[in-house]
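What follows is a short report on a single structure.
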Amino acid sequence: MTLLQVDGLTKQYEGRRSLAQRLTGTRQSVVRAVNDVSLRVERGEVLGLIGESGCGKTTLGRAILRLHEPTAGRVVFDGTDVTALAPPDLKAMRRRMQIIFQDPYASLNPRRTVAEIVGLPLALHGIATGEEAREITARVLERVGLRANQLDRYPHQFSGGQRQRIGIARALVSNPEFIVCDEPVSALDVSIQAQIIALLLELKRELGLTYLFISHDISVIGYLADRVAVMYLGEIVETGPVAEVLDNPRHPYTQSLLSAVPEVGPRRDRARVRLQGDLPSPLNPPKGCKFHTRCPLAIPLCQTRAPENRVVGPGHVAACYRLDENLSLLDAAR
Amino acid sequence: MSVLLEVTNLQTEFTARAGLVRAVDGVNLRVSRGECLGVVGESGSGKSVTFSSVMGLVRAPGRVTQGSIFFDGRNLRDLSPEEMRAIRGRDIAMTMQDALTALNPALTVGEQLAEVLVAHDETLPAGRLARRAAIRERSVEMLGLVGIPSPDTRLRQYPHEFSGGMRQRIMIAIALACRPKLLIADEPTTALDVTIQAQVLELITDIRARLGMAVVLITHDLGVVAEHCDRVMVMYAGQVVEEGPTGQVIGQPRHPYTRGLLASIPRPALRGQPLTPIRGQVPDLVGLPPQCRFHSRCPLARPECLVEVPMLDAGPGRRARCLRLEEMA
C-alpha cells in the first residue's frame with residue numbers, strides 16, 4: 001500500500017538579480033534543486049535515495065515535509081495532499097511525518113536540555129505536558145539506548161553517536177508513521193554508524209515505520225533499503241528494487257557510481273566505469289539529459305532532449321536513451 | 001625494499017584542561033621506499049597526530065615526548081627547525097584533509113605552487129626571468145600531472161574558483177612539486193564524493209608508480225585501504241593495535257577491534273543479517289590505565305586482559321596487540 005506519493009515535485013531557488021541584470025532586463029538566475037521528481041514509498045518499506053553532494057537529495061527530503069515549500073508538484077501522504085494543507089492541518093500532519101538530520105551537532109539546540117529537546121514535539125502537538133511528557137520522553141530515550149537519568153543534560157555532554165540517538169528520540173516521540181532519515185549516519189565513525197543503523201532497523205520493525213533514507217553511501221543503502229532511487233542534478237535517473245539496481249544497474253550514472261565505491265572483502269572482478277570531470281553547476285545545468293557531459297555513452301540526441309523513463313525490469317525504471325547499449329558498458333570495462 | 005621511514009616508540013602528549021592526554025602512545029612503524037601504507041582508525045585514534053609528529057608539525061600544548069623518527073637515515077627529532085623546514089615539502093610532503101582551509105584563499109594557485117618551488121628547488125636557474133619561466137613551466141607541468149584541464153589559465157585562479165575535487169588535486173600538486181620521497185595523505189578523499197574520490201585515489205596510485213614515491217594513506221575507510229595499500233596499520237586510542245599485509249589483515253583480522261570494524265561496515269551482501277557493531281565508545285584518553293585499551297568494548301575480554309599488552313607476533317609480517325590473537329586465527 002502506498003503511503004507517500006510524490007508527483008512532479010520541483011523546488012527552485014531564485015537568485016537575487018544584480019543591478020546590471022536589472023538594468024539589462026536579464027532574467028534572474030534560477031537553481032532548480034529538485035526538478036520534476038516523482039516517486040512513491042510503500043507503507044513499511046525503506047526507500048533509499050542515493051546521490052552525490054549537490055544533487056538535491058536533501059532538498060527533496062525537506063520539500064516532501066514542506067520544510068522547504070515546493071515550487072510545483074504534489075505530495076500525497078496516506079491519501080491527503082500535503083502540499084494543499086493549510087498551516088494548522090500541516091502541523092497536525094507533521095506529527096505523522098518526521099525527520100532525522102545529518103549533523104548531530106548542529107541539529108540540537110545547545111541551550112536546551114535533552115528533556116526539552118525531545119519533549120518539544122509533545123507540547124507542540126498537545127500530546128502531553130508536565131510529568132506525563134517527562135515520562136514519555138524518558139521512555140523514548142531508553143528506547144533509543146540512552147538513560148532516563150540523562151534527561152537534564154545538555155547536548156554537549158554527549159558524544160556524536162549519543163547525540164544522533166537524541167535526534168532519533170525527538171523524531172519518534174510524536175509517534176510518527178514516516179521518517180525522512182537525512183544522512184543520519186554520515187557524520188559518525190564506522191563502529192558508531194553500525195550501532196545507529198541497527199537501532200533504526202530495530203525501530204522500524206517494532207513500530208512499523210516507513211523511511212525515506214537519504215545517503216551518499218551506497219553500502220549503507222544496499223544494506224538497509226528495500227528499493228532505491230538514484231538522483232543526479234535534481235532528477236531521479238533510476239529507480240528499482242535494491243538488489244536489481246545494485247546488481248544490474250542500467251543508467252550509466254548508476255553504473256559509474258557503483259563502480260567507484262571502494263570495497264572491503266573478497267575482490268570481485270569489478271568493472272570500472274570512470275567518470276571524467278565534476279558535477280556541472282546546477283545554476284547552468286546541461287540541456288537534454290543532464291548527465292550527457294560526463295556520460296561515456298552520450299550521443300547527439302542526449303544533448304538536446306531529456307530521455308523519458310523506461311521500464312527495464314519488474315519495478316525497475318531508468319531514464320536513458322542508450323539502455324540497450326549500456327548493458328555492455330560494464331562488460332566492456334571488464 | 002629499503003626502509004625510508006622508521007618510527008620507534010613515538011609518544012606525543014597534549015596538556016588539556018582535564019589532564020595529560022597521550023594522543024600517540026608508543027607507536028612503531030616502518031615505510032619502505034615506494035610502498036603504500038594505509039593507516040586506519042576512528043576519530044581520536046591518533047592517526048593524524050602520529051604523522052603530524054613525523055612532520056614536526058605538533059604545536060603547543062602538544063609535544064613529542066619520546067621516540068625516534070628516522071627518515072632516510074637521519075633522526076628527524078635531532079634536527080633544528082631550519083633543517084626540518086628544508087625536509088618538509090622537499091623530501092616529505094603532507095596533504096591535509098580539508099583542502100579549502102589548507103590552501104591560502106588570498107593567493108592564486110600559481111603563487112602557492114611557486115612558494116614551494118622557491119623554498120626547495122635548488123635546480124631553478126639564477127637569472128630572474130629564467131627563474132620565473134622555469135617556475136611557471138614546472139607549475140603548469142604539476143597541474144597537468146594531477147589532471148587539471150587548461151593549467152595555464154587555472155594557475156591564475158584562486159582556490160574558491162575550484163571544486164572540492166580540484167582543490168584536493170591542487171594540494172596534491174603542491175605536495176608533489178618537489179618530487180618528495182614520501183607523501184603523507186591525510187584523509188585525501190573524505191570530503192569528496194565517491195566518483196571524485198575514485199579519481200583522486202587513482203591519481204595518487206598512478207603518480208606513486210611513476211615517481212617511485214612512498215605513500216602513507218590516512219583514512220577511516222577500510223575499503224579505500226583494501227584497494228590501494230600494500231600494508232595496513234590499525235590504530236585505536238593512540239596505539240597501533242594491528243599491522244600487516246592488507247589482504248591478510250582484512251581477510252583474517254587478528255585483533256578484535258579490527259574484526260569489529262570490519263563487521264560494522266554495512267554492505268549489500270549482509271542484507272537481512274544483523275550488523276554486529278562494536279558496543280560502547282572510544283575511551284577517554286585522559287589518565288588511561290596501562291592495560292588493553294579495547295577491553296571494555298571487547299567481546300573476547302577476560303580478567304587477564306587488564307595488563308599492558310605489547311604488539312605480539314601474528315604470523316609473517318603481521319603483529320597484533322591482543323593476548324587472544326591465537327584464538328582468532
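The values are calculated or read from the model by the stated rules, or taken from the named source; none is laboratory data. All figures in this text were calculated on a predicted structure; none of them were measured in a lab. Ideal geometry is used to build each Cβ from the backbone, glycine not excepted, and the neighbour counts take in all protein chains shown.
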Condition (residue is at pLDDT 90 or above and within 16 Å of A:SER191 (Cα to Cα)) applied to segment B:306-328: is it met by at least one residue? no
Here are some residues: A:VAL245, A:VAL228. Which one is among the β-branched types (Val, Ile, Thr), assigned to a helix (DSSP H, G or I) and within 12 Å of chain B (Cβ to nearest Cβ)? A:VAL245
Run B:ARG297 past the list (1) within 30 Å of A:ARG205 (Cα to Cα); (2) basic (Lys, Arg); (3) touching a helix residue (DSSP H, G or I) at 6+ places or on another chain (Cβ under 6 Å) and report the number of the one that doesn't hold. (3)
Looking at B:LEU217, B:LEU113, B:LEU203, can you tell me which residue is in contact (Cβ under 8 Å) with a residue 40 or more places away in the chain, buried (at least 22 other Cβ atoms within 10 Å of the Cβ) and under 23 Å from B:ASP230 (Cβ atoms)? B:LEU217
Under the condition of being touching a helix residue (DSSP H, G or I) at 6+ places or on another chain (Cβ under 9 Å) and under 22 Å from B:VAL21 (Cβ atoms), which residue from segment B:279-292 is farthest from the other protein chains (Cβ to nearest Cβ)? B:GLN291
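How do the helices (runs of 4 or more DSSP H) wholly within segment B:156-270 filter down when requiring 2 or more residues that are hydrophobic (A, V, I, L, M, F, W, C) and away from chain A (no Cβ under 14 Å): which remain?
Because the criterion is at least 2 residues that are hydrophobic (A, V, I, L, M, F, W, C) and away from chain A (no Cβ under 14 Å), the helices (runs of 4 or more DSSP H) in segment B:156-270 that meet it are B:164-176, B:194-211.
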Please work out which residue is modelled with the lowest pLDDT, limiting yourself to segment A:207-223 and to residues that are facing another protein chain (nearest Cβ under 7 Å) and over 20 Å from A:ILE64 (Cα atoms). A:SER219
Long-range neighbours under 9 Å by Cβ, at least six apart or interchain, first residue in contact (Cβ under 8 Å) with a residue 60 or more places away in the chain within segment B:1-26, second acidic (Asp, Glu) and assigned to a loop (DSSP other than H, G, I, E, B): B:LEU4/B:GLU35; B:LEU4/B:ASP72; B:LEU5/B:ASP72; B:ALA18/B:ASP284; B:VAL21/B:ASP284
Just checking, how many residues over segment B:116-142 are loosely packed, with under 14 Cβ neighbours inside 10 Å, more than 20 Å from B:MET171 (Cα to Cα) and in contact with a helix residue (DSSP H, G or I) (Cβ under 8 Å, 6 or more places away or on another chain)? 1
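Looking for whichever is part of a helix (DSSP H, G or I), out of contact with any Ser or Thr (no Cβ under 7 Å at 6 or more places or on another chain) and either within 23 Å of A:ARG205 (Cβ to Cβ) or not charged (D, E, K, R) (or both) here; the options are A:ARG165, A:ARG134. Which one fits?
None of the others qualify; the one that does is A:ARG165.
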Considering only residues that are at pLDDT 95 or above and under 19 Å from A:PHE213 (Cβ atoms), which ones fall in segment A:97-113? A:MET97, A:GLN98, A:ILE99, A:ILE100
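Residue-wise test of (1) surrounded by 21 or more Cβ atoms within 10 Å (Cβ to Cβ); (2) without any contact (Cβ under 8 Å) to a residue 60 or more places away in the chain; (3) of a type outside the set (D, E, K, R).
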position	(1), (2), (3)
A:SER53	no, no, yes
A:GLN98	yes, no, yes
A:ASP103	no, no, no
A:GLU116	no, yes, no
A:GLY119	yes, yes, yes
A:GLU142	no, yes, no
A:LEU146	yes, yes, yes
A:GLY160	no, yes, yes
Failed item in (1) in a loop (DSSP other than H, G, I, E, B); (2) within 14 Å of another protein chain (Cβ to nearest Cβ); (3) closer than 19 Å to A:ARG95 by Cβ, with A:CYS181 passing the rest: (1)
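Does B:GLU326 fit the bill of being in a helix (DSSP H, G or I), more than 14 Å from chain A (Cβ to nearest Cβ), free of Cβ contacts under 8 Å to residues at least 12 places away in the same chain and more than 23 Å from the chain's Cα centre (by Cα)?
yes
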Filtered residues of segment B:37-54 (kept if touching a Lys or Arg at 6+ places or on another chain (Cβ under 8 Å), of a type outside the set (Val, Ile, Thr) and modelled with pLDDT of 95 or more): B:LEU37, B:GLY38
I'd like the full set of residues that are among the charged types (D, E, K, R) and within 12 Å of another protein chain (Cβ to nearest Cβ), limited to segment A:194-206. A:GLU202, A:ARG205
Test of understanding: among A:ALA171, A:ALA187, A:ALA194, which residue is under 21 Å from A:ILE117 (Cα atoms), small (Gly, Ala, Ser) and not in a loop (DSSP other than H, G, I, E, B)? A:ALA171
Taking the condition of being buried (at least 18 other Cβ atoms within 10 Å of the Cβ), more than 20 Å from A:PRO110 (Cβ to Cβ) and among the polar types (S, T, N, Q), how many residues in segment A:121-140 meet it? 0
Going through segment A:206-225 one residue at a time, which ones are on the phi > 0 side of the Ramachandran plot and either outside any loop (DSSP other than H, G, I, E, B) or without any contact (Cβ under 8 Å) to a residue 24 or more places away in the chain (or both)? none
May I ask you to verify whether A:ASN149 is within 21 Å of the chain's Cα centre (by Cα) and either in a loop (DSSP other than H, G, I, E, B) or at negative phi (or both)? no
Conditions (1) among the hydrophobic types (A, V, I, L, M, F, W, C); (2) surrounded by fewer than 17 Cβ atoms within 10 Å (Cβ to Cβ); (3) without any contact (Cβ under 8 Å) to a residue 60 or more places away in the chain -> B:LEU100 fails only (3)
Among what's in segment B:55-87 and is assigned to a strand (DSSP E or B) and either in contact with a His (Cβ under 7 Å, 6 or more places away or on another chain) or surrounded by 18 or more Cβ atoms within 10 Å (Cβ to Cβ) (or both), pick the residue that is modelled with the lowest pLDDT. B:GLY62
Answer yes if at least one residue in segment B:225-233 is modelled with pLDDT under 95, β-branched (Val, Ile, Thr) and surrounded by 22 or more Cβ atoms within 10 Å (Cβ to Cβ), and no otherwise. yes
Only one of (1) more than 18 Å from the chain's Cα centre (by Cα); (2) within 30 Å of B:ILE278 (Cβ to Cβ) does not apply to A:LEU275, and that is (2)
Test: residue in segment B:309-320 that is farther than 21 Å from B:LEU20 by Cβ, buried (at least 21 other Cβ atoms within 10 Å of the Cβ) and either touching a Phe, Trp or Tyr at 6+ places or on another chain (Cβ under 6 Å) or within 11 Å of another protein chain (Cβ to nearest Cβ) (or both): no
